[in-house]
Amino acid sequence: MRGLAEYIMRGRKEATLAVAIAAAIPLLFWFSAAALALVILRRGLPEALPVLAWGMLPALAWAFVGDLTPVLVILGSAGLAVVLRQHNDWVRVVLLAVPLGVVYALALLLALAEPLQAMADGFREMLPELLPQMGLQLDGAEQATLVARLDALMIPVLGGVMGAMHMLMALISLMLARSWQARLYNPGGFRQDFHRLRLPPLVAIGLLAVVIVAPQWPQLAMLSPVASVPLLLAGLALVHGVVGIKKLGSGWLIGMYALFVIFIRFAYPLIMFVAFVDSLFDFRSRMRPPSGSPGDDDPNSQG
């Protein structure tokens, strides 16, 4: 990856080729987004605009045939890269990604209205058979009420899940770009930034409240998956930070991510809750040796 990052940083021509070619290849939009974000982080938006213009052509072609993902992720990652370059604040970036995720959800609900409705219709037909398999024994009236409620929530929640996934992809592309930048110009800088990512208490309380309460109303249900992403990233940052402080080695992180994928149904809410508790008590500062860890270099050394 270092070699690719060096190639992108050689000049505008190389960066444009990397962004455009990756955007044209199926499933490589994330690399295109990361390459563009790297140019923005290092050289600023004015220098990156020609790269963005050429790189967006393949993404727009994908959008024309019905795949909005490249356009949404590339533009979202670029916008977040501008914010990160200006403020060097990951908390600000992660929180600004929340309204971005809502925009993603609305755009995808509009673009995929027919497929989502067909999926909801199919689930509605299967639901009466699924409820007994889930251990729910309901009479006719109770079952009808539950089916109606789940049916009203299904499309908004699906839109929110898709918006959250695209939001997460944009953030991961930006993180990849920042890690490339740090590797080239400030080794260890991104690691320090990510290990310190922690949500302010009021923000964490608000996000957790949205995650829990929003599904009570179909009109707000899409907000729940989107609001969960900052808590997820803060929880993962906590795990990385603890592993770094304790010098436990990368094996612990590999094991953690393997368990997360296998038991995602339980691990996702657990990590969110741990991030919420950490926002109140700041576990990393309590675990850090009295001498502390060295601060970051001047942020301009990365930008």
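None of the figures in this text is laboratory data; all of them are computed from the coordinates on show. Predicted model only: the values in this text are computed from it and were never measured. Positions of Cβ are backbone-derived with ideal geometry, glycine not excepted, and every protein chain shown enters the neighbour counts.
Between PRO26, PRO50, PRO201, the GNM of the chain built on Cα springs shorter than 10 angstrom shows PRO26 fluctuating the most.
Packing, as the average of other Cβ atoms within 10 Å across residues, places the peptides 253-259, 214-220, 163-169, 180-186 in the order 163-169, 180-186, 214-220, 253-259, highest first.
For the pair ARG196 and VAL82, label points projected 7 Å from Cα toward Cβ lie 2.6 nm apart. Projecting the Cα atoms of TYR257, LEU176, LEU95 onto the charge dipole of the chain (Cβ charges, centred on the Cα centre) puts LEU176 farthest toward the positive pole.
Label-to-label distance, GLU6 versus LEU150, with points set 7 angstrom from Cα along the beta-carbon direction: 5.6 nm. Exposure proxy shown here: for LEU280, LEU75, LEU41, the number of other Cβ atoms within 10 Å sets the order, fewest to most, as LEU280, LEU75, LEU41.
Determine the shape class of region 196-293: with a ≥ b ≥ c the square roots of the Cα gyration tensor eigenvalues, call it rounded for a/c under 1.5, and otherwise prolate if a/b is greater than b/c, oblate otherwise. Note, shape of region 196-293 comes out oblate. Other residues whose C-beta falls under 15 angstrom from the C-beta of PHE273 contribute a net charge of +1, scoring Lys and Arg +1 and Asp and Glu -1. The residues packed around GLU47, meaning those with a beta-carbon under 12 Å from its beta-carbon, carry a net charge of +4 if Lys and Arg are +1 and Asp and Glu are -1. Full extension of the segment from VAL65 to VAL91, taken as 0.36 nm per residue of separation minus the current Cα-Cα distance, would add 5.8 nm.
The order of the peptides 234-241, 63-70 by mean Cβ neighbours within 10 Å, most packed first, is 234-241, 63-70.
Sequentially through region 267-273, phi angles give Karplus couplings (6.51, -1.76, 1.60; θ = phi - 60°) of 6, 4, x, 5, 5, 4, 5 Hz, Gly and Pro residues having no value and appearing as x.
Separation of region 189-268 and region 1-73, taken as the distance between their Cα centroids, equals 27 angstrom. Per-residue extension of 0.36 nm, minus the Cα-Cα distance of LEU184 and ARG124, leaves a gain of 16.4 nm for this segment. Listed values for region 32-38 are Karplus-derived 3J(HN,Hα) couplings in whole Hz (6.51 cos²θ - 1.76 cosθ + 1.60, θ = phi - 60°), namely 4, 5, 5, 5, 5, 4, 4, and x replaces Gly and Pro. Distance between the pseudo-spin-label points of SER250 and LEU17 (7 Å out from Cα toward the beta carbon): 2.9 nm.
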